[in-house]
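**Q** Questions regarding the structure given below will be posed in turn.
Every read-out reported here was derived from the displayed coordinates using simple, explicitly stated rules and does not represent laboratory data. Keep in mind that this is a model prediction, so the values were computed, not measured.
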Amino acid sequence: MRTLAIDPGEKRIGIAISDPTGTIANPLTVLKHVSRAIDAAAIAQLAEEHGAGLIVIGQNLDSDGEPTLQSRMAGHLAEAIRMQTVLPVEMWDESGSTKTAQAARIAMGVRKRKRRGHMDDLAAAVILQSYLDAKP
């Protein structure tokens, strides 16, 4: 079963998708944030187009594991997505996903000049891979 992962942000939303076996995460696209309802509809449509059976949304928790303002916003997005689709929507800790994505680009030998800009889709892939690795 394919899983779609979301890295929600204030300006952009990173999207990643798993392979059909649910083993490997791949960056898919980046959506520009418009409004919660429009973003949720676009995410639900992507999930349907790619045959996803589950949507995972990254939420940032603080050092004590408590929700932050960003994680509450992610929760609101999750609720909006649930209103757009019958697919299950799960929240997953995304803490450090952007830093992990940056480190991965450095490890791949991407030059500093090309590392500029957004990495939202790669961060979504980091979130998704973490989720997939944690599931039996």
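**Q** Can you list residues whose amide H is under 5 Å from Leu61's amide H, if they're 5+ apart or on another chain and H is modeled 1.01 Å from N?
**A** Glu94, Ser95
**Q** Moving on to the next point. Please list the non-local residues whose amide H lies under 5 Å from the amide H of His33, H modeled 1.01 Å from N, same-chain partners needing a gap of 5 or more.
**A** Distant-sequence amide H within range of His33: Arg12, Ile13.
**Q** Still on this model: Taking amide H atoms as placed 1.01 Å from N in the peptide plane, list the residues 5 or more away in sequence, or in a different chain, whose amide H sits under 5 Å from that of Ile24.
**A** Amide H neighbours of Ile24, under 5 Å, 5+ apart: Asp19.
**Q** May I ask you to evaluate 6.51 cos²θ - 1.76 cosθ + 1.60, the Karplus curve with θ = phi - 60°, for each residue of the stretch 5-19 and list the ³J(HN,Hα) values in order in whole Hz, giving x for glycine and proline?
**A** Using θ = phi - 60°, the values come out as 10, 10, 10, x, x, 6, 10, 9, 10, x, 10, 9, 9, 8, 6 Hz.
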